[in-house]
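Undergrad: Following this message is one structure expressed as C-alpha cells.
The values are calculated or read from the model by the stated rules, or taken from the named source; none is laboratory data. As the structure is a prediction and not an experimental result, all values here were calculated from the model. Backbone-built Cβ (ideal geometry, glycine too); neighbour counts: all protein chains shown.
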Amino acid sequence: MNNKTHLGHQAKKRFGQNFLHDEGVISKIVDAIDPEPGENLIEIGPGLGALTEPVIDRAGAISVVELDRDLAHRLRHHPFIADKITIYEADALKFDFSEIATAERPLRIFGNLPYNISTPLIFHLLTFKDSVKDMHFMLQKEVVQRMAASENCKAYGRLSIMTQYQCQVIPVMQIGPEAFKPAPKVDSAIVRLIPHGEIKNPVKDIKSLNQVCLAAFNQRRKTIRNSFKKLFTVEQLADLGIDARLRAENLPISDYIKLANFLTDNPVEL
C-alpha cells in the first residue's frame, strides 16, 4: 500500500486530499469545535470521516458537503453513521450554504479544507456570514497567519482585511505534516472564525472594499500613490487623511473602509 492510500482510499491530487489520522490531533480539533446536540453542524470535505465520526458522537447528526463521489458513497453506506448524515454531493465553492440555515439554527461550519482552494472558499463562505454562528477550519499555517495579520506585517493583505472586517479571527493550534496521510509539504493550523454580530464601522458596499484591497495588494511593493492611481488621486488620498507615500501593508483596516466608502460614492470606470 503506498503512502497516498488510507483506509483503502487513494488520495486524489485534483481534490487536494490529505487525510487526518492522528487521534490526538483529531480529539483536540473536536474539542475546539465543541459540537452539541441540536446544532446545525456542516462539514466541508468530510473525506474518510476522521472528524465526522467523533463530531456525530457528540452532536448526534450533521450535514456534509463532499465533491468526491467515492467518498460520498462510502459515507452513504457507513455501518455506524450513515443514518446520521445528510450528504450534499456538491462543490463547496458553488454550494448555497444559506439553504440549510435558519434564524433559529445558524450554521456551525467546519472542515479540513483542500489547501489548493482554501482562499477562494473562505471568500465564498464569508458571503453567508449572516447565516453562520462560527467556523473552524484546518488550513495551511501560512493562510491562517495571513488571516490574522495586522498592518505593518508582510503577511497582511486582502485576506487579512476581508476576513477581519467580517469576523473575529482566532488561531487555535498548529499541526505538523505527520498528522496527515499523505503528509503535506507544509505545516497546518486550525482557525476559528466568528462573524461579527454588528460591524461598528461598516462599509457601504463590500464589493468596493474588495476592489480597493485588490488594487492595493496587486503590486504590494509599490507605494499607494502608484497602486491606487486608477482609483484615487493623491489629492483625494490627502483629503481622506491617507499618506500616498505609504505601502498597502501600512494602512489599517479603518483606512481601507474610508477608501471603500469614498469609492462607492465616487465610482470610477476602469
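Undergrad: Filter the range 185-215 down to the residues that are touching a Cys at 6+ places or on another chain (Cβ under 9 Å) and either in a loop (DSSP other than H, G, I, E, B) or at pLDDT below 95 (or both) and list them by number.
TA: 196
Undergrad: If you don't mind, another one. Residue under question is residue 86, and the condition is that it be touching a strand residue (DSSP E or B) at 6+ places or on another chain (Cβ under 6 Å) and among the polar types (S, T, N, Q); does it hold?
TA: So residue 86 passes the test.
Undergrad: Looking only at the range 180-191, decide whether some residue is more than 13 Å from residue 161 (Cα to Cα), aromatic (Phe, Trp, Tyr) and either assigned by TED's automatic domain parsing to the domain that holds residue 123 or under 21 Å from the mean Cα position of the chain (by Cα) (or both).
TA: Yes: the range 180-191 contains one or more residues that are more than 13 Å from residue 161 (Cα to Cα), aromatic (Phe, Trp, Tyr) and either assigned by TED's automatic domain parsing to the domain that holds residue 123 or under 21 Å from the mean Cα position of the chain (by Cα) (or both).
Undergrad: Could I ask something else about it? Within the range 11-26, does at least one residue satisfy the condition of being farther than 13 Å from residue 111 by Cα, assigned to a helix (DSSP H, G or I), among the small types (Gly, Ala, Ser) and at pLDDT 95 or above?
TA: No - not one qualifying residue is present in the range 11-26.
Undergrad: For the subset of the range 170-184 comprising residues that are assigned to a loop (DSSP other than H, G, I, E, B) and out of contact with any helix residue (DSSP H, G or I) (no Cβ under 7 Å at 6 or more places or on another chain), which member is nearest to residue 135 (Cα to Cα)?
TA: Only one residue tops the list, namely 176.
Undergrad: Follow-up question, since we're still on this one. Within the range 237-251, restricting attention to residues that are among the aliphatic types (A, V, I, L, M) and in contact (Cβ under 8 Å) with a residue 60 or more places away in the chain, which residue is surrounded by the most Cβ atoms within 10 Å (Cβ to Cβ)? Step through it out loud before you land on a result.
TA: From the range 237-251, those among the aliphatic types (A, V, I, L, M) are 237-238, 240, 242, 244, 246, 248, 251; that's our starting set.
From what's left, in contact (Cβ under 8 Å) with a residue 60 or more places away in the chain: 248, 251.
Details: 248: 25, 251: 22.
Per the stated criteria, the residue is 248.
Undergrad: I'm told residue 218 meets every condition in (1) in contact with a helix residue (DSSP H, G or I) (Cβ under 9 Å, 6 or more places away or on another chain); (2) at pLDDT 95 or above; (3) surrounded by fewer than 15 Cβ atoms within 10 Å (Cβ to Cβ) except one. Can you identify the failing condition by its number?
TA: (2)
Undergrad: Follow-up question, since we're still on this one. If you scan the range 98-112, which residues turn out to be farther than 19 Å from residue 70 by Cβ and buried (at least 21 other Cβ atoms within 10 Å of the Cβ)?
TA: Hits for the range 98-112 are 107, 108, 109, 110.
Undergrad: So which of 131, 150 ends up being closer than 21 Å to residue 44 by Cα and over 13 Å from the mean Cα position of the chain (by Cα)?
TA: Going through 131, 150 in turn, just one is closer than 21 Å to residue 44 by Cα and over 13 Å from the mean Cα position of the chain (by Cα): 131.
Undergrad: If only one of 93, 139 is farther than 26 Å from residue 198 by Cβ, touching a Ser or Thr at 6+ places or on another chain (Cβ under 6 Å) and either not in a helix (DSSP H, G or I) or not β-branched (Val, Ile, Thr) (or both), which one is it?
TA: Values: 93 fails: touching a Ser or Thr at 6+ places or on another chain (Cβ under 6 Å).
Of 93, 139, the one residue that is farther than 26 Å from residue 198 by Cβ, touching a Ser or Thr at 6+ places or on another chain (Cβ under 6 Å) and either not in a helix (DSSP H, G or I) or not β-branched (Val, Ile, Thr) (or both) is 139.
Undergrad: Kindly evaluate residue 130 against the criterion of being in a helix (DSSP H, G or I), in contact (Cβ under 8 Å) with a residue 60 or more places away in the chain and under 22 Å from residue 180 (Cα atoms).
TA: no
Undergrad: Scan the range 229-246 and give yes if some residue there is under 24 Å from residue 121 (Cα atoms) and modelled with pLDDT of 95 or more, otherwise no.
TA: Within the range 229-246, none of the residues are under 24 Å from residue 121 (Cα atoms) and modelled with pLDDT of 95 or more.
Undergrad: Sticking with this structure for a sec: Could you list, in sequence order, all residues of the range 55-82 that are assigned to a helix (DSSP H, G or I) and modelled with pLDDT of 95 or more? Outline the logic, then answer.
TA: Going through the range 55-82, the residues assigned to a helix (DSSP H, G or I) turn out to be 55-59, 69-76, 82.
Residues satisfying the conditions are 55, 56, 57, 58, 59.
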